[in-house]
Amino acid sequence: MREMKIFVTALLSLLPAALVAQTGTLPEQLNRLNNPAHYQQRADAGAALLQTFGQSDVIGLNGAVMTYGGGSNFHYQWPLQKDLAATLDLALVYLNLDNPFLPFYTRYRNSGDVMLVPFFFGLRREVWRESFDGMLPYVQFGAGPLAGIAFPYGYSFWNSLRYSTAEWTIGGFVGAGFNFALDKKTVGLVDFRYNIMMFPEQVGPRSNYSGPAIAFGVLR
């Protein structure tokens, strides 16, 4: 055991020397890490990306949490003019009505699960571009067809698909959010919306699934 302790101590004492041999002296490394110019260079690169972000085609995936469930969203946008872009969102939102921790849990009636499929076209306007460092805020709104698919309770997966029913309507959203640079071509997204999703007929336990949503995503 004593020999093992001596060996480990010697090995640990050699690690700083190995790092210095490969990457330069330790003071040099610390100076580079703590150099304000290093962070300023990264900030300048992020600012350049955000300056051109709204003037190019962008594609990405978002994950969203909503009052009625959660899902994923495919996002595509293309520029129309300075600070104004058109957007296309195709989302899949799943409502597990058997989960008592979700808002639309049906305790007394097993009505099956519901999937919402919004296909929204929208407009996005960048705002206060010069007022934020490293962040690009925006406002947005949109509308388009919305499908609501109800899966009956008590069937196997394939039979549940077979006996599912669908309702169609027009939905929409209003919201705001901001982008921030991740690397030379990748931008992060934090998006807040209020979705308007009301069906003429009942889909699952209800006909109105409107409510707020927050999404996090990556765009490129």
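The values are calculated or read from the model by the stated rules, or taken from the named source; none is laboratory data. Quantities reported herein were computed from a predicted structural model and do not represent experimental measurements. Cβ placement follows ideal geometry from the backbone for every residue including glycine, while neighbour counts extend to all protein chains displayed. SASA here: full protein model, heavy atoms, side chains in, ligands and nucleic acids out. Shrake-Rupley method; radii C 1.70, N 1.55, O 1.52, S 1.80 Å.
Normalising by residue count, segment 125-220 has a Cα convex hull of 133 Å³ per residue.
Remark: spin-label model distance Phe192-Phe216 equals 1.6 nm, labels positioned 7 Å along the Cα→Cβ axis. What segment 120-220 shows is 56 Å² of accessible area per residue, with the surface traced by a 1.4 Å probe over protein heavy atoms.
As a rough guide to protection, the peptides 195-206, 77-88 ranked by mean Cβ packing within 10 Å, highest first, stand as 195-206, 77-88. The simple Förster model, with R0 at 35 Å and r as the Cβ-Cβ distance, assigns Leu80 and Glu130 a FRET efficiency of 0.95. Rolling a 1.4 Å probe over the protein chains gives Phe180 an accessible area of about 70 Å².
Each label point was placed 7 Å from the Cα along the Cα-to-Cβ direction; for Asn208 and Ser160 their separation is 2.8 nm.
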